[in-house]
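In what follows, a single structure is set out as structure tokens and then discussed.
We did not get these values from a lab; they are worked out from the coordinates using the rules stated. All values derive from a computational prediction rather than experimental measurement. Note: ideal-geometry Cβ built from the backbone for every residue, glycine included; neighbour counts use all protein chains shown.
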Amino acid sequence: MSALLDVEDLRVTFPTRTGLIEAVRGVSFSLGRERLGIVGESGSGKSQTGRAIMGLTPPQARISANKLTFDGIDLLGVSSRQRRALRGNRIAMILQDPKYSLDPVMSIGRQIVETLRTHETVTKAEARERALAMLEAVQIRDPKRVFDLHPHEVSGGMGQRAMIAMMLIAGPEMLIADEPTSALDVTVQLDVLDILDKLVSERGMGLIFISHDLRLVSSFCDRVVVMYAGKVVEQLKASELRHAQHPYTRGLLNCMPRIGFERHPLPVLERKPEWSA
Amino acid sequence: MTAAIVVEGLEVVFDRFRALKGVSLEVREGESYGLVGESGSGKSTLLRAITGLAPVSSGTITVNGKRLGKSRDRAFYREVQMVFQDPYGSLHPRQTVDRLLQEPLAIHGFADGERRIERALDEVGLGKGFRFRYAHQLSGGQRQRVAIARALILEPSILLLDEPTSALDASVQAEVLNLLEEVRRRRKLTFLMVSHDLAIITHMCERLMVMQNGEAVETLTASQLIGHRVDADYTRNLLRASEGFVRA
Amino acid sequence: MSAEAIQSRREWLLSERPASRMQARLGRAYVAWRRFSANRLALVGLLIIIALLLIAALAGVLAPYSPTFGDLKNARLLAPSAEHWFGTDDLGRDILSRILYGSRWTLYVVILVAIIAAPIGLLVGTVAGYAGGWTDAILMRITDIFLAFPKLILALAFVAALGPGIENAVLAIAITSWPPYARIARAETLTVRNSDYIKAVQLMGASPFRIVLRHIMPLCISSLIIRVTLDMAGIILTAAGLGFLGLGAQPPLPEWGTMIASGRRFVLDQWWVAGAPGFAILIVSLGFNLLGDGLRDALDPRSGDQ
């Protein structure tokens with residue numbers, strides 16, 4: 001299977017008052033039509049990696065890479081117009097909090113229809129039909145009612161479903177989900193993941209799932225990339241997480257309390273300077 | 001054994017919204033008690049009602065044998081202290097750690113401030129080097145340690161913990177949970193801890209109450225929960241959810 | 001001082017681990033100064049204000065002639081020359097000397113207005129914002145009444161009631177300029193009163209008085225300082241306006257507004273009589289505005305704490 005996305009030596013650098021800060025320092029991985037998890041703690045550069053692929057890095061930052069290709073297209077080489085056309089059409093992104101990523105003054109249905117009509121030429125009626133079908137696909141029980149609601153009128157879980165519907169309506173080939181369920185309650189979290197899982201496998205998409213929650217990622221994804229201080233410290237199959245080699249990955253797995261495993265005190269992570277070297 | 005906190009039929013209403021609908025619980029002295037639930041379950045409101053930050057419309061709260069009225073006196077705050085969820089919001093942005101820790105001592109008229117501040121910083125594992133820093137010069141974990149030091153400096157017997165680690169990274173969470181367990185053991189504190197995470201509550205608490213929509217679902221011991229001996233479907237759902245994603 | 005010593009002092013100031021209260025405070029001030037001094041125009045503003053202070057302090061030494069006694073016989077309405085740089089007025093007084101002495105009155109007005117109006121506004125605003133309910137409603141309606149009238153008209157009314165004179169002008173301007181400060185302080189208070197760090201202090205058992213005074217006011221002060229500085233120009237102009245209308249400083253006091261008023265009769269033929277004090281007002285107002293803008297960048301809590 002050829003890779004959908006190829007990332008080689010990706011670097012993202014931010015200029016600040018005190019000098020350059022490298023948020024991402026040489027990240028390499030490739031993605032097929034699979035579920036890839038990127039895990040790390042705050043400041044590990046996981047979100048900046050996702051944004052760089054998506055082309056959402058703030059303008060003052062500098063991006064460089066030996067290779068950053070999506071389906072053979074050099075993402076750093078294309079014009080910003082081509083990049084915009086790719087975004088939404090072939091690559092989509094879901095962010096943590098639907099409250100901030102949905103337009104508050106436009107009904108959910110209209111937002112989905114607009115998204116569809118910017119990428120495809122369809123009639124209004126057809127767009128509406130497809131939007132309703134999409135809302136149904138993300139298991140919204142009464143799609144006709146939700147279609148006319150505004151984002152503030154729905155719960156967090158419903159908002160995130162609407163967001164997923166909006167992102168998937170144009171039928172992208174790759175989806176980047178940055179902490180898509182962290183703002184949701186645990187029981188809702190699983191419903192949303194369930195929906196995401198079905199859609200990704202039905203449509204044969206590639207998924208990059210960015211999260212701080214190693215356990216959640218390992219139960220959801222096929223493969224896991226573990227990041228620390230802007231670098232990839234380990235890449236492995238999710239099923240083999242128990243046999244992780246890197247002390248950081250193992251520390252991260254160990255330090256979470258688990259039901260049925262009494263450990264007092266909890267093992268803590270001893271950060272070694274050589275990990276970020 | 002006596003009860004540290006007794007809550008009976010507690011109702012809290014915000015603008016006609018019933019955040020708590022007649023909740024009762026009893027926390028024994030020296031016990032660590034957990035409140036688990038999702039957003040809107042009323043678990044944080046319960047803590048805030050005890051401290052006087054949320055309006056009680058009916059029901060009673062008794063702390064260390066003393067029934068609480070509408071307002072709390074200074075003596076109450078020497079017995080009960082709270083650690084907030086968001087370490088980025090709970091420290092004053094224009095005050096040094098030193099100033100933050102001095103404030104409770106000044107309010108309650110403690111004379112040996114210097115010594116207490118140094119001891120409090122040592123106790124939470126920060127040491128003197130942090131004393132004159134501002135909040136923005138600290139990491140999330142360090143901020144939460146300062147918040148814990150501030151809560152402990154008045155030597156309370158009861159500590160209310162409102163999701164104290166949910167804003168922290170997993171590795172930092174482990175450090176803060178260990179710190180909390182350590183101070184509890186050393187000072188024989190009573191904990192009332194709120195979390196959405198069953199694993200954290202079973203790790204930290206001996207007994208817990210599951211809450212949903214402002215009502216108690218059930219009360220369990222940690223070992224009942226670990227052994228999956230639960231009655232309510234909702235608790236079972238939560239348990240399942242805490243084990244991660246399972247592909248259908 | 002060697003470059004090394006400067007470098008080590010800077011490191012001491014910027015230390016992430018200050019060892020004393022003093023070092024922490026100085027470090028914070030140094031960061032604010034660096035942010036302020038990065039703005040060239042703000043530095044120009046600061047220089048103008050420093051110059052104004054120096055001139056006011058040294059007016060007695062700098063002024064070549066008396067500000068109040070002129071040579072009526074030989075020196076009436078002379079054009080600017082080497083002898084009288086800014087010319088002389090209708091009573092034969094040297095305008096430069098009058099402007100130099102006038103800086104004292106300008107400073108007197110702005111400083112007095114600031115120390116009367118700002119604390120009133122701060123107190124009213126923070127108390128209203130923190131207490132809420134009836135207290136808030138009453139205090140804010142009073143504020144609204146003051147805000148409902150144009151500032152100059154209200155000041156005129158007060159001066160008319162109190163009687164003309166520079167002290168009464170100061171009082172009138174102060175009474176009319178606190179309401180915006182109260183509004184600002186209240187808005188700031190509302191944004192912080194529900195924050196966890198204020199709740200944390202409540203849970204220490206602090207009295208409302210203590211919370212407002214020690215925890216809320218310090219957060220409002222920087223936006224208030226910025227606003228007061230930006231208002232300085234307006235205060236100078238109002239004072240000048242009152243002087244111009246004959247309700248502020250009374251002749252022969254060398255107050256800039258009064259000077260313009262007396263010069264307006266010959267503004268077409270002897271333009272320097274009104275022009276020189278007008279120019280002085282312009283420069284000083286500009287200075288305060290530039291300084292205020294710079295302070296906004298340096299002190300604004302919203303621009304981040306880094």
Taking Cα centroids, how far is segment B:84-104 from segment A:38-107 in Å? 36
Taking the convex hull of Cα positions in segment A:79-187, its mean projected area over all directions (nm²): 6.9
Is the shape of segment A:1-113 rounded, prolate or oblate, going by the alpha carbon gyration tensor and its root eigenvalues a ≥ b ≥ c, with a/c under 1.5 for rounded and a/b larger than b/c for prolate? oblate
For segment B:72-160, the Rg and Dmax computed from alpha carbons only, in angstrom: 12.1, 35
Diffing segment B:231-245: the Karplus 3J(HN,Hα) column from phi (6.51, -1.76, 1.60, θ = phi - 60°), in whole Hz with x for Gly and Pro, holds 9, 7, 4, 4, 4, 4, 4, 4, 4, 5, 5, 6, 8, x, 7
Per the helix-only calculation at 222 nm, which mean residue ellipticity applies to chain B, given -39500 (n - 2.57) for every DSSP H run of n ≥ 4 and division by its residues, nearest 500 deg cm²/dmol? -10500 deg cm²/dmol
Vicinal HN-Hα couplings computed from phi for segment A:141-158 (Karplus, 6.51 cos²θ - 1.76 cosθ + 1.60; Hz; Gly/Pro x): 5, 10, x, 5, 6, 5, 3, 8, 7, 9, x, 6, 8, 10, 6, x, x, 5
Sort segment A:180-277 into rounded, prolate or oblate with this rule: let a ≥ b ≥ c be the square roots of the eigenvalues of the Cα gyration tensor; rounded if a/c is under 1.5, and if a/c is not under 1.5, prolate when a/b is larger than b/c, oblate otherwise. oblate
When the scattering of the protein assembly as shown is computed by the Debye formula from its Cα atoms alone, each counted once and equally, what is log10 I(q)/I(0) at q = 0.08 Å⁻¹? -0.89
If you restrict to DSSP beta bridges whose two residues both lie in the protein assembly as shown, what percentage is antiparallel, to the nearest 5? 60
Descending Cα extents along the principal axes, chain A, whole Å: 59, 49, 43
Count neighbours as other Cβ atoms within 10 Å of each site's Cβ, and list the trypsin sites (Lys or Arg not before Pro) in segment B:20-83 that are DSSP loop with at most 10 such neighbours. B:70
Residue-by-residue Karplus 3J(HN,Hα) for segment B:101-109, coefficients 6.51, -1.76, 1.60, Hz, glycine and proline x: 7, 6, 3, x, 5, 5, 4, 9, x
What range in chain A is the longest one free of trypsin sites (Lys or Arg not before Pro) that are in a loop by DSSP and have at most 16 other Cβ atoms within 10 angstrom? A:18-140
What list do you get for B:136, A:243 if you sort them by fewest beta carbons within 10 Å? A:243, B:136
What number in nm² do you get for segment C:179-306 if you take the convex hull of its Cα atoms and divide its surface by four? 10.5
Restricting to Cα pairs under 8 Å and 6 or more apart, the percent relative contact order of chain B works out to 26
Taking H placed 1.01 Å from N in the peptide plane, check which residues at least 5 places from residue A:232 or on another chain put their amide H under 5 Å from its amide H. A:28
Report, in deg cm²/dmol and to the nearest 500, the calculated mean residue ellipticity at 222 nm for chain A, where each DSSP H run with n ≥ 4 adds -39500 (n - 2.57) and the sum is divided by the residue count. -10500 deg cm²/dmol
Neighbour-count order for C:255, B:163, fewest beta carbons within 10 angstrom listed first: B:163, C:255
Calculate the spin-label point distance for residue C:37 paired with residue A:240, positioning each point 7 Å from the Cα along the beta-carbon direction, and give it in nanometres. 5.8
Tell me, in nm to one decimal, what length is gained between residue C:145 and residue C:3 on full extension, where the rule is 0.36 nm per residue of separation less the Cα-Cα distance? 45.3 nm
Dividing the convex hull volume of the Cα atoms of chain C by its residue count, what figure in Å³ per residue is obtained? 168
Given B:43/B:128; A:272/B:128; A:99/B:43, the pairs whose alpha carbons are separated by over 28 Å: B:43/B:128
Computed over segment A:74-233: relative contact order in percent, which uses C-alpha pairs under 8 Å that are six or more apart: 27
Which of the DSSP-defined H helices in chain C satisfy a minimum axial length of 27 Å, computed from C-alpha atoms, and a minimum mean Kyte-Doolittle hydropathy of 0.0? C:40-62, C:95-131, C:166-193, C:217-244, C:271-299
Taking just the alpha-carbon atoms of segment B:3-241, what radius of gyration and Dmax come out, in angstrom? 17.7, 54
Residues with amide H under 5 Å from that of residue A:269, placed H, sequence gap 5 or more: none
Using Cα-Cα distances under 8 Å and only pairs 6 or more residues apart, what relative contact order does chain A have, in percent? 25
Among B:231, B:197, B:98, which one shows the highest mean-square fluctuation when chain B is modelled as a Gaussian network with alpha-carbon springs under 10 Å? B:231
Using just the helices of chain C, give the 222 nm mean residue ellipticity in deg cm²/dmol: DSSP H runs with n ≥ 4 each add -39,500 (n - 2.57), and the total is spread over all residues, rounded to 500. -24000 deg cm²/dmol
Please report Rg over Rh for segment C:4-61, where both radii come from the alpha carbon positions and Rh follows the Kirkwood definition. 1.17
Looking at the square roots a ≥ b ≥ c of the eigenvalues of the Cα gyration tensor of segment B:145-248, which shape do they give, rounded for a/c under 1.5, prolate if a/b is larger than b/c, or oblate? prolate
Which GluC sites (Glu not before Pro) does segment A:174-273 hold that lie in a coil by DSSP with at most 12 other beta carbons within 10 Å? A:262, A:270
